[in-house]
Structures are given as C-alpha cells and as structure tokens.
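J.: The structure is given below, and queries will be raised subsequently.
Derivation of every value follows stated rules applied to the coordinates shown; laboratory data play no part. For clarity, every value in this text was computed on a predicted model and none was experimentally measured. Here the Cβ positions follow ideal geometry from the backbone for every residue, glycine too, while neighbour counts run over all protein chains shown.
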Amino acid sequence: MLELRNLCSHYGRIQALSGIDLEVREGELVALVGANGAGKSTLLRAISGVQPASGSVLFEGADICQTPPERRVRLGIVQVPEGRQVFGPLSVEDNLHLGAYTRTRAERDAELERVYAMFPDLKQRRRQAAGLLSGGQQQMLAMGRGLMARPRLLLLDEPSMGLAPRLVEEIFARVRALRQAQTTIFLVDQNARAALGVADRGYVLETGRVVLAGSGAALLADGQVREAYLGM
C-alpha cells in the first residue's frame, strides 16, 4: 500500500531524513521506533504531506510526493497527530464531525456510530467540551476523529505520549482492535516495547536513517534494540 524510496527531508540546512526506504502492506500494522529527535514524527508528516520531502512516496503504486495534504486525505491517508491536538472549546461530537469533512452526511453518521462503539466514553461525553476530557480520553478522541475519515492508511503518532501505564494499555488494546479489523496502520511511538509488541513488522530509526528492520517479535528480541530502547 505504501512504499518510501530514498525519502529525504530538511529543516533549513539540517537534514532530518536521509534516504528512507520502507514499506507498509495492506492490512499490516508496522511500527517505527527510535529515540527523541530521530525523525519519527517528521517521517509521518512527510507521508501525510505537511512536511516537504524529496524522493518517492508511493501509495498504491502512484507517487504522491508532490500531492498536497488535503488530496492525500481524500486518497485515504489520515494522520492522528502527536499531542492529540483536539479542538478544546468544541464538543466531542463536533471534533469527530471535523474528521469526516470529506464524507457525505450518511457516511459521517455511520462512522460516528462505529467510533462510539469503539470508544464508549466518547459517546457518554459527546456534548462535553473536548478540552475538559482527560489525557486518555483526548487520545481516544484524536483516534476517533482520524477514523471518521475512513482511512485506508492510518498514521498514529505517539498515541501513548504522556499517559499513565494503565491508559497506555487501554490505548494499545484499541490499536490491536483496529489491526484485527484489518485497518492498515503505521505506528510511531517511543514506547518501543508496546509498539513492537503489537506490530507485524517494525523499523528502527536513528538520526534520520533506518538502521534495523524486521518482524515485531524479532526486533523485540534483538540485543541492540533491547539495550537501546527497552533498558535491558
């Protein structure tokens, strides 16, 4: 579904990504792990089109590297951003509606019921201002907002950031449920153990370069990964 070839990106004179090659197959959950500043979020932003990049971003065989972000959303590439970025003064339901701006009213209503079934807390609080939700609930809202667009490829950026361990487990349980429902997911998270634990395959990013790749289980067992990212 997604293939990156020699993807590069810069912030001014600073090279953030250097010749990235990776792929995400339809129905897979692929994890990208690495330290702070490795370029993980930059890579997701390059895929969604909000970060300028060179090289090739192939989506279902077509190069979309120069395609604007809004067109990529219509193609089915949807990013759930780092830090949640919900619209605090708006209600939970209005936040969800914003995720469905490319859909018809009938499609929006159908997706809303699906999101509420996956995140019952959101339905209970649908009239509440999003800014009054807990951190875990806001993360569920951000994920639900992304699902409202009916993504063919869901980009999840640091879904466990700033959450207590119990909430991290809950968020990753929802990620597993999405995977079981055949949603194609590219997941970035600093919690390497949790991310690789749910992933079919994974990549390790260091200073803008892919240094390791393999199945989630193989990377969890890799001595270099265990020492650098798992504290073992």
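J.: When averaged across all projection directions, what area in nm² does the alpha-carbon convex hull of the range 1-156 cover?
T.: Details: hull surface 39.0 nm².
Mean shadow area of the hull around the Cα atoms is 9.7 nm².
J.: When the expected Rg is taken as 2.2 N^0.38 Å, what fraction or multiple of it is the alpha-carbon Rg of the range 105-232? Before the final figure, lay out the partial values.
T.: Working: Rg = 16.1 Å, N = 128, 2.2 N^0.38 = 13.9 Å.
Normalised Rg, Cα atoms only: 1.16.
J.: Further question: Which parts of the range 2-28 would a label at Thr67 reach, counting a residue when its backbone N lies under 12 Å from a point 7 Å out along Cα-to-Cβ?
T.: Correct set: 2-3.
J.: Convert each backbone phi in the range 217-229 into a coupling constant with the Karplus relation 6.51 cos²θ - 1.76 cosθ + 1.60 (shift: θ = phi - 60°), then list the ³J(HN,Hα) values in order as whole Hz, x for Gly and Pro.
T.: Using θ = phi - 60°, the values come out as 5, 5, 5, 4, 8, 6, x, 5, 5, 4, 6, 7, 10 Hz.
J.: Could you give the angle, 0 to 90 degrees to the nearest 10, between helix 165-180's Cα long axis and the longest principal axis of the Cα atoms of the chain?
T.: 90 degrees
J.: How much length is gained if the chain between Ala106 and Leu132 is pulled fully straight, taking 0.36 nm per residue apart and subtracting their Cα-Cα distance, in nm to one decimal?
T.: Working: separation 26, 0.36 × 26 = 9.36 nm, distance 2.87 nm.
Gain on extension, Ala106 to Leu132, equals 6.5 nm.
J.: Pairing the Cα long axis of helix 105-118 with the longest principal axis of the chain, what angle in degrees results, from 0 to 90 and rounded to the nearest 10?
T.: For 105-118 against the chain, the angle is about 80 degrees.
J.: Just tell me the longest site-free run in the chain, where the sites are trypsin sites (Lys or Arg not before Pro) in a DSSP loop having at most 12 other beta-carbon atoms within 10 Å. Don't jump to the answer; show the numbers that get you there.
T.: Values: sites that count: Arg13, Arg25, Arg127.
Counting at most 12 other Cβ atoms within 10 Å as exposed, the longest clean stretch of the chain is 128-232.
J.: Further, regarding this structure: Please pull out the direction-averaged projected area of the range 68-149, using the convex hull of its alpha-carbon atoms, in nm² to one decimal place. The partial results should precede the final answer.
T.: Working: hull surface 20.3 nm².
About 5.1 nm², averaged over all directions.
J.: Here is a follow-up. Can you tell me, using C-alpha contacts under 8 Å and at least 6 residues apart, the relative contact order of the chain as a whole percent? Before the final figure, lay out the partial values.
T.: Numbers: 455 pairs, mean separation 64.5, N = 232.
Over the chain, the number comes to 28 percent.
J.: Would you work out the charge dipole size for the chain about its Cα centre, treating the Cβ of every Lys and Arg as +1 and the Cβ of every Asp and Glu as -1, and quote it to the nearest 20 debye? Write down the numbers at each step before the final one.
T.: Numbers: 28 positive and 25 negative charges, 102 e Å.
Magnitude of the dipole: close to 500 debye.
J.: Any idea what angle helix 135-147 forms with the longest principal axis of the chain, computed on alpha-carbon atoms, 0 to 90 degrees, nearest 10?
T.: Approximately 90 degrees, to the nearest ten.
J.: Another question about this same structure. Between Arg74 and Glu113, what is the FRET efficiency for a Förster distance of 25 Å, r being their Cβ-Cβ separation, to the nearest 0.05? Don't skip to the end; give the middle numbers.
T.: Numbers: r = 22 Å, r/R0 = 0.90.
Rounded to the nearest 0.05, the efficiency is 0.65.
J.: Run the numbers on the range 173-227 and let me know its relative contact order in percent, using alpha-carbon pairs under 8 Å that are six or more apart.
T.: Details: 42 pairs, mean separation 12.9, N = 55.
Worked out over the range 173-227, it gives 23 percent.
J.: Calculate for the chain the 222 nm mean residue ellipticity that helices alone would give, adding -39,500 (n - 2.57) per DSSP H run of length 4 or more and normalising by residue count, nearest 500 deg cm²/dmol.
T.: After summing the helix terms and dividing by the residues of the chain, the value is -11500 deg cm²/dmol.
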